[in-house]
Amino acid sequence: MDWNRIEGSWKQFSGKVKEQWGKLTDDDIAQINGNREQLEGKIQERYGKAKDEVRKDIDDWSNRMN
């Protein structure tokens, strides 16, 4: 799915983000507010993953949202 669509409908997708990455807090989700770079950073921070791995995880997740 196009990230602009996710960003524009962040409120609807935030629950799905929380399901996928449960270590993200409600405050994290509110702060991210659809910004992909911030989502990548928060996932890296909470899960200790490499940036490339996080990018792939987000791409895989967003493609399943179709």
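Each value in this text was obtained by applying a stated rule to the coordinates, not by laboratory testing. Just so it is clear, the model here is predicted, and its values are computed rather than measured. Cβ atoms come from the backbone with ideal geometry, glycine included; neighbour counts cover every protein chain shown.
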Q) Any idea which of Gly48, Ile29, Asn66 is furthest toward the positive side of the dipole for the chain, if Lys and Arg beta-carbons carry +1 and Asp and Glu beta-carbons -1? A) Asn66
(Q) Spelling out what I want: for every residue of the range 36-48, take phi, set θ = phi - 60°, compute 6.51 cos²θ - 1.76 cosθ + 1.60 (Karplus), and round to whole Hz; glycine and proline get x. (A) 4, 4, 5, 4, 4, x, 5, 5, 4, 5, 6, 10, x
Q. In nanometres, what is the gap between the two model label sites at Glu19 and Arg36, each 7 Å from Cα along Cα-to-Cβ?
A. 2.2 nm
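Would you compute, from DSSP H runs of 4+ residues alone, the mean residue ellipticity of the chain at 222 nm, taking -39500 (n - 2.57) per run and dividing by the full residue count, rounded to the nearest 500?
Values: 5 runs with 50 residues, N = 66.
Calculated mean residue ellipticity at 222 nm is -22000 deg cm²/dmol.
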Q. What list of ³J(HN,Hα) couplings, whole Hz, do you get for the range 23-35 from phi and the Karplus terms 6.51, -1.76, 1.60, once you set θ to phi - 60° and write x for glycine and proline?
A. 6, 6, 7, 4, 5, 4, 4, 5, 5, 4, 6, x, 7
Q | Volume per residue that the Cα convex hull of the chain spans, once the total is divided by residue count, Å³ | A | 71 Å³
Q | Integer Hz, Karplus 6.51/-1.76/1.60 couplings in order for the range 57-66, x for Gly and Pro | A | 4, 5, 4, 4, 4, 5, 5, 6, 7, 5
